[in-house]
Amino acid sequence: MRTADLELDLDVFAGPFDLLLAIVLREEISLLEVPLGEVVVAYIERLEETGELELEAATEFLVLIAALLELKSRLMLPAAEEPELDLGPEEAADELLARMLEYRRYRDAGAELSRRFEAERGYLYRSAPLPLELRRVSLEASRQAYDPDRLGVALGDLLSTPAVPDVSHIRPTVSLEKRLGVLRDLLAGSARGRIDFDEAFGTEDRLTQAVTIFALLEMYKKGEATWTQRETFGAIEIARGPSAGSGVPA
């Protein structure tokens, strides 16, 4: 809904909103006498009646109401504070008019761009010409592309199983939480409550072993596990701690 379609019935004015703006700018009606709140309510009620919200029209209305509110707030300030204002009432009215004219220029420019876009949206433009080999394909070559034998070979290539991708360069991701679960399961499943680190994790990669060590330290801090190593670089034996199986959260 455009502002021109908004009809107002106020105590000081009855008519379209655009006419009210013109009268206020000519100072035929004081802006102090115009209840801007009722104007906003009338606009909302009209939107509810139509059931449609056009963003461009709503933006136009908000810009105009905001400018009127700013101008009215300047007029409502006490007279003692008037020398401290940046703009007087007349200058504020001129500023409002300038804003309205500037907004109309941008609105008209946007409408023109939209009209041109709609008029030319059926055309597709290429930023570069076709490659030379595509512009000079012989008729015989194009017929061969539809040869049944060649189509069969092409379909056979599509149906063949591709080679397994090489993922050896991808570094494995190891979770501390998962390593905690592995350690707890191994200790819980051991009859003696002890496991040998090399036997359990000797075949794992260095990153997994390092994260397992961190998980073991976490369990030691919570009293879930202990370990012994009788000599330097010797075998590490992990045993259940006093808090193992007591419901300690992971």
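Since every read-out is calculated from the coordinates, none of them should be taken as a lab result. Computed from a predicted structure; not experimentally measured. Counting neighbours? That spans all protein chains shown, and the Cβs are built from the backbone with ideal geometry, glycine included.
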Difference of contour (0.36 nm per residue) and Cα-Cα distance, Tyr146 to Ala58: 25.9 nm
At what distance in nm do the modelled label points of Leu176 and Asp5 sit from each other, each positioned 7 Å from its Cα along Cα→Cβ? 6.2
Contour minus Cα-Cα distance for Ala66 and Val12 (0.36 nm per residue): 17.4 nm
Along the Cα→Cβ direction, 7 angstrom out, place labels at Phe117 and Ile213. What is the inter-label distance in nm? 6.1
Could you sort 44-51, 59-66 so that the peptide with the highest average Cβ count within 10 Å comes first and the rest follow in order? 59-66, 44-51
Among the lysines, which fall within straight-line cross-link reach of Lys178, defined as a Cα-Cα distance under 20 Å, with same-chain neighbours fewer than 8 residues apart omitted? Lys221, Lys222
Distance in nm between Ser160 and Leu36 label points, each 7 Å along Cα→Cβ, equals 7.5
Expected unfolding gain across Thr232-Asp205 under the 0.36 nm per residue rule, minus the alpha-carbon gap, is 7.6 nm
Measure out, as a whole number of angstrom, how far apart the alpha-carbon centroids of region 176-216 and region 55-75 sit. 69
